[in-house]
Amino acid sequence: MKGPILLMLATTTLAAQQASLAVIHARVWTGNPAMPWAEALAVRDETIAAVGSDSDIQKRIGAHTRIVDANGRMVTPGFIDSHVHFLMGGANLTSVQLRDARTKQEFLSRIQAFAATVPPGTWITGGDWDHQNWGGELPSKEWIDAVTPRNPVWINRLDGHMNLANSRALEAAKITRATPEVPGGAIVRNAAGEPTGIFKDNAQSLVQRVVPPPSPAMQDRALDAAMQYVAERGVTSVDHMGAWDDLAVFERAANTGRLRTRIYAAVPLDSWDRLAKTVAEHGRGNGWLTIGALKGFVDGSLGSHTAAFLEPFTDAPKDSGLLVNTPEDLYRWTAGATKAGLQVVVHAIGDRAIRLQLDIFERVEREQHPADPRFRIEHAQHIAPSDIPRFAGLGVIASMQPYHCIDDGRWAEKVIGPERSRTTYAFRSLLDAHARLAFGSDWFVAPPTPLEGIYAAVTRRTLDDRNPGGWIPQQKITVEEALRAYTSDAAYAQFAEKLKGTLALGKFADFVLLDRDLTRIPPADLRNAQVRMTVVGGKVVFEK
Ligand SMILES: [Zn+2]
């Protein structure tokens with residue numbers, strides 16, 4: 001009897017309290033399997049006070065309640081983007097924009113135009129260029145030297161696995177033809193052995209280490225820009241994959257009440273002992289800023305031909321990618337972190353990389369029997385068919401970015417061939433094998449727009465629209481499955497399912513009002529859906 005009595009008391013107390021915010025006449029997709037749909041919800045301060053019928057919620061409306069009439073539109077739990085590089089994304093918003101530069105000429109003219117706006121000597125970073133846009137020829141320092149004579153340039157490919165330096169940046173980093181290669185990376189050289197300006201994976205550190213760090217004020221601006229940008233897209237929480245220094249930026253925002261996005265911040269896996277000490281001394285934070293996760297890397301990316309595969313690339317028969325860390329180190333770090341009760345989150349893209357990390361998780365599982373490790377593989381893009389059931393078997397969460405699928409899908413088959421493409425971004429196969437999916441964007445790498453991610457997972461229509469029926473259509477999933485991967489399962493993936501991810505009594509009032517019901521429109525229309533309002537902790541952070 002204990003349960004019902006407590007529930008009754010709770011209801012009576014809450015009924016006496018007026019809602020601060022009420023949404024009525026809505027199609028509320030709660031994400032709660034016990035009551036998947038509702039008409040209305042009431043918020044009191046930071047949490048949800050009630051979810052139910054319009055008449056239930058009317059009772060909680062008083063003189064001080066803000067009423068939002070949804071007019072039959074859809075409300076969902078706030079989206080959780082499970083993989084972002086938040087400060088980089090924010091910083092890039094204020095830098096040169098190359099993502100959609102379609103030709104070499106456009107690439108050059110945008111860099112030239114941007115360089116004219118910054119003082120001489122200032123480093124130009126960010127960019128997010130994509131050489132696939134103009135047919136695949138890699139840019140070089142010769143391309144950009146003439147348009148950037150006064151500034152060092154260090155601009156990244158949109159996946160972050162390649163960077164382009166101009167000659168001024170190479171001088172600053174003292175890079176010459178004599179500079180030796182770096183394990184787990186590559187310095188691209190011309191026929192004469194001269195660096196072209198392109199640095200892949202670990203070799204990026206050669207230049208990165210001389211790029212001046214952004215000032216605290218610049219970082220605060222980047223964070224504010226990032227929070228605003230994702231709020232406009234319905235994102236209320238992010239899993240940030242970053243560095244220790246980033247924590248100071250988030251803490252500053254937390255302490256001054258500036259946070260508008262909930263942040264689960266991961267730090268590098270090889271620093272697990274430092275995180276263990278920090279957690280022991282200071283705890284894991286609160287609902288706004290939480291630590292406890294460690295991010296590692298097994299391999300590079302498909303677009304840079306640095307993802308590690310069991311067989312060579314179809315278009316480069318001598319090359320099967322690379323590991324950016326040794327299996328021994330990855331095991332040692334994973335074991336240490338798990339023993340310390342921390343969450344291990346590892347980037348693995350190629351089938352060899354994914355298998356390697358699954359093997360490590362399996363071994364650690366066998367050796368330690370951790371109670372609830374919630375291991376994650378980030379990206380999990382190209383899985384060998386026999387490894388698909390291992391995700392559910394080991395309880396490994398597949399943290400994937402559906403937008404990459406419709407982006408890479410334009411050219412991936414050229415790189416890995418038709419056979420391996422069948423279990424590429426294998427959303428359907430993973431769900432059918434009872435694995436849990438957590439969706440995200442990998443922003444700055446891709447736009448942090450869950451509605452585009454849902455469109456991508458449901459339609460698999462590549463960005464060039466060459467696959468109207470979907471690229472590898474067998475791997476499509478439903479709207480509600482995609483929603484779960486952006487809400488309740490994403491909350492689970494950061495140990496926060498008791499606090500958020502569904503719309504239920506007592507959970508954080510994090511939700512989104514959309515302009516249409518995603519479950520009642522043709523899938524192709526999903527990409528036209530818009531966010532009308534975003535609420536985090538009961539506060540409206542975006543509205544149009
Ligand atoms: Zn990433």
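The values are calculated or read from the model by the stated rules, or taken from the named source; none is laboratory data. Bear in mind that the values here come from a model prediction, so they are computed numbers and not experimental data. Quick reminder, even Gly has a Cβ in these numbers, built from the backbone with ideal geometry, and neighbours come from all protein chains shown.
Every residue, every condition in (1) more than 27 Å from Trp443 (Cβ to Cβ); (2) out of contact with any Lys or Arg (no Cβ under 9 Å at 6 or more places or on another chain), yes or no:
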position	(1), (2)
Arg363	yes, yes
His379	no, yes
Ala384	yes, no
Gly395	no, no
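Examine the stretch 367-377 for a residue that is within 16 Å of the ligand (Cβ to nearest atom) and surrounded by 22 or more Cβ atoms within 10 Å (Cβ to Cβ), and state whether such a residue exists. Explain how you work it out, then say what you get.
The initial filter retains those residues of the stretch 367-377 that are within 16 Å of the ligand (Cβ to nearest atom), namely 376-377.
Filter again for surrounded by 22 or more Cβ atoms within 10 Å (Cβ to Cβ), leaving 376-377.
Yes, that holds for at least one residue.
Considering each residue of the stretch 438-486, count those that are farther than 23 Å from Arg532 by Cβ, more than 16 Å from the ligand (Cβ to nearest atom) and of a type in the set (A, V, I, L, M, F, W, C), and give that number.
4
Go through the stretch 479-534 and count every residue that is among the aromatic types (Phe, Trp, Tyr) and on the phi > 0 side of the Ramachandran plot. If you could, list the steps in order and put the result at the bottom.
Let us first name the residues in the stretch 479-534 that are among the aromatic types (Phe, Trp, Tyr), namely 486, 492, 495, 508, 511.
So of that shortlist, the ones also on the phi > 0 side of the Ramachandran plot come out as 495.
Total satisfying the criteria: 1.
May I ask you to say which residue of Arg527, Arg520, Arg516 is surrounded by fewer than 22 Cβ atoms within 10 Å (Cβ to Cβ), at pLDDT 95 or above, in contact with an Asp or Glu (Cβ under 8 Å, 6 or more places away or on another chain) and not aromatic (Phe, Trp, Tyr)?
Every option except Arg516 fails the conditions.
Is it the case, given these coordinates, that Ala146 is in contact with a helix residue (DSSP H, G or I) (Cβ under 9 Å, 6 or more places away or on another chain) and under 28 Å from Val84 (Cα atoms)?
Values: in contact with a helix residue (DSSP H, G or I) (Cβ under 9 Å, 6 or more places away or on another chain): yes; under 28 Å from Val84 (Cα atoms): no.
In short, no.
Within the set of pairs 6+ apart or on separate chains, which have a first residue in the stretch 377-400 that is more than 12 Å from Leu431 (Cα to Cα) and of a type in the set (S, T, N, Q), a second that is within 16 Å of the ligand (Cβ to nearest atom) and part of a helix (DSSP H, G or I), and C-beta atoms under 9 Å apart?
Gln381/Ile354; Gln381/His404; Gln381/Cys405; Gln381/Asp408; Ser399/Ala490
Taking the options Ala433, Ala438, name whichever one is among the hydrophobic types (A, V, I, L, M, F, W, C) and under 13 Å from Ala482 (Cα atoms). So that I can check it myself, show each step before the final result.
Working: Ala433 fails: under 13 Å from Ala482 (Cα atoms).
It is Ala438.
Please determine whether any residue of the stretch 150-160 is more than 16 Å from the ligand (Cβ to nearest atom), in contact with an Asp or Glu (Cβ under 7 Å, 6 or more places away or on another chain) and at pLDDT 95 or above.
Going residue by residue through the stretch 150-160, those that are more than 16 Å from the ligand (Cβ to nearest atom) are 150-155.
Remaining after also requiring in contact with an Asp or Glu (Cβ under 7 Å, 6 or more places away or on another chain): none.
Within the stretch 150-160 (the criterion being more than 16 Å from the ligand (Cβ to nearest atom), in contact with an Asp or Glu (Cβ under 7 Å, 6 or more places away or on another chain) and at pLDDT 95 or above), the answer is no, since none of the residues qualifies.
When you go through (1) more than 16 Å from the ligand (Cβ to nearest atom); (2) in contact with a helix residue (DSSP H, G or I) (Cβ under 8 Å, 6 or more places away or on another chain); (3) in a helix (DSSP H, G or I); (4) closer than 29 Å to His305 by Cβ one by one for Ile354, which number turns out not to apply?
(1)
Cβ contacts < 7 Å: first residue farther than 18 Å from Ala491 by Cβ and surrounded by fewer than 24 Cβ atoms within 10 Å (Cβ to Cβ), restricted to the stretch 228-248; second residue modelled with pLDDT under 95 and of a type in the set (A, V, I, L, M), any location; separation 6+ or different chain. Result?
Listed pairs, sorted by first residue: Tyr229/Leu93.
Filter the stretch 313-323 down to the residues that are part of a loop (DSSP other than H, G, I, E, B), touching a helix residue (DSSP H, G or I) at 6+ places or on another chain (Cβ under 6 Å) and not charged (D, E, K, R) and list them by number. First the steps, then the outcome.
Here is the first cut: in the stretch 313-323, the residues part of a loop (DSSP other than H, G, I, E, B) are 314-315, 317-322.
Now narrow it down to the ones that are touching a helix residue (DSSP H, G or I) at 6+ places or on another chain (Cβ under 6 Å): 314-315.
Within the stretch 313-323, Thr314 is the sole residue that qualifies.
Scan the stretch 406-445 for residues that are of a type in the set (D, E, K, R) and under 22 Å from Lys295 (Cα atoms) and jot them down.
To start, the set of residues in the stretch 406-445 that are of a type in the set (D, E, K, R) comprises 407-408, 410, 413-414, 419-420, 422, 428, 432, 436, 442.
Correct list: Arg436, Asp442.
Can you give me the number of residues within the stretch 229-248 that are in contact with a Pro (Cβ under 9 Å, 6 or more places away or on another chain) and among the hydroxyl-bearing types (Ser, Thr, Tyr)?
2
When you go through Gly287, Gly350, Gly296 one by one, which is the residue that is at pLDDT 95 or above and surrounded by fewer than 21 Cβ atoms within 10 Å (Cβ to Cβ)? First the steps, then the outcome.
On the way: Gly350 fails: surrounded by fewer than 21 Cβ atoms within 10 Å (Cβ to Cβ); Gly296 fails: surrounded by fewer than 21 Cβ atoms within 10 Å (Cβ to Cβ).
Exactly one of Gly287, Gly350, Gly296 is at pLDDT 95 or above and surrounded by fewer than 21 Cβ atoms within 10 Å (Cβ to Cβ), namely Gly287.
Do we have Ser399 as within 19 Å of Ala380 (Cα to Cα) and either in contact with a His (Cβ under 9 Å, 6 or more places away or on another chain) or at pLDDT 95 or above (or both) here? Steps first, answer last, please.
Working: within 19 Å of Ala380 (Cα to Cα): yes; either in contact with a His (Cβ under 9 Å, 6 or more places away or on another chain) or at pLDDT 95 or above (or both): yes.
The answer is yes for Ser399.
Condition first: within 16 Å of the ligand (Cβ to nearest atom) and at positive phi. Can you find one or more residues in the stretch 189-207 that meet it? Let's see the steps before the verdict.
Narrowing the stretch 189-207 to residues within 16 Å of the ligand (Cβ to nearest atom): 200-202, 204.
Next, only the ones that are at positive phi stay: 201.
Yes, the stretch 189-207 has at least one match.
Across the stretch 404-419, which residue is farthest from the chain's Cα centre (by Cα) among those that are among the hydrophobic types (A, V, I, L, M, F, W, C) and under 19 Å from Trp443 (Cβ atoms)? Spell out the reasoning first.
So in the stretch 404-419, the residues among the hydrophobic types (A, V, I, L, M, F, W, C) come out as 405-406, 411-412, 415-416.
Within this subset, residues satisfying the condition of being under 19 Å from Trp443 (Cβ atoms) are 405-406.
Values: Cys405: 14, Ile406: 16 Å.
Among those that are among the hydrophobic types (A, V, I, L, M, F, W, C) and under 19 Å from Trp443 (Cβ atoms), it is Ile406.
Please count how many residues of the stretch 160-191 are assigned to a loop (DSSP other than H, G, I, E, B) and buried (at least 23 other Cβ atoms within 10 Å of the Cβ).
Taking the stretch 160-191 first, the residues assigned to a loop (DSSP other than H, G, I, E, B) are 160-161, 166, 173-184, 190-191.
Applying the additional criterion that residues be buried (at least 23 other Cβ atoms within 10 Å of the Cβ) yields 161, 166.
Within the stretch 160-191, residues that are assigned to a loop (DSSP other than H, G, I, E, B) and buried (at least 23 other Cβ atoms within 10 Å of the Cβ) number 2.
In the stretch 378-403, which residues are away from the ligand (no atom under 14 Å from the Cβ), within 17 Å of Arg352 (Cα to Cα) and either in contact with a strand residue (DSSP E or B) (Cβ under 6 Å, 6 or more places away or on another chain) or not charged (D, E, K, R) (or both)?
Taking the stretch 378-403 and keeping what is away from the ligand (no atom under 14 Å from the Cβ), we get 382-398, 402.
Next, from what is left, pick out any that are within 17 Å of Arg352 (Cα to Cα): 382-391, 396, 398.
Answer for the stretch 378-403, where residues must be away from the ligand (no atom under 14 Å from the Cβ), within 17 Å of Arg352 (Cα to Cα) and either in contact with a strand residue (DSSP E or B) (Cβ under 6 Å, 6 or more places away or on another chain) or not charged (D, E, K, R) (or both): His382, Ile383, Ala384, Pro385, Ser386, Ile388, Pro389, Phe391, Val396, Ala398.
Out of the residues in the stretch 61-88 meeting the condition of being aliphatic (A, V, I, L, M) and within 16 Å of the ligand (Cβ to nearest atom), tell me which one is nearest to Val536 (Cα to Cα).
Of the residues in the stretch 61-88, the ones aliphatic (A, V, I, L, M) are 61, 63, 67-68, 70, 74-75, 80, 84, 87-88.
This time we only want the ones that are within 16 Å of the ligand (Cβ to nearest atom), so: 80, 84, 87-88.
On the way: Ile80: 11, Val84: 18, Leu87: 19, Met88: 22 Å.
Checking each candidate, the answer is Ile80.
Of the residues Ala63, Ala70, Ala42, which single one is in contact (Cβ under 8 Å) with a residue 12 or more places away in the chain and surrounded by fewer than 14 Cβ atoms within 10 Å (Cβ to Cβ)?
On the way: Ala70 fails: surrounded by fewer than 14 Cβ atoms within 10 Å (Cβ to Cβ); Ala42 fails: surrounded by fewer than 14 Cβ atoms within 10 Å (Cβ to Cβ).
On inspection, the qualifying residue turns out to be Ala63.
Please find, within the stretch 236-250, the residue that is farthest from the chain's Cα centre (by Cα) out of those that are of a type in the set (D, E, K, R) and within 16 Å of the ligand (Cβ to nearest atom). Reasoning before the result, please.
Of all residues in the stretch 236-250, those of a type in the set (D, E, K, R) come to 239, 245-246.
Checking the rest, the ones that are also within 16 Å of the ligand (Cβ to nearest atom) come to 239, 246.
Working: Asp239: 7, Asp246: 16 Å.
So the residue we want is Asp246.
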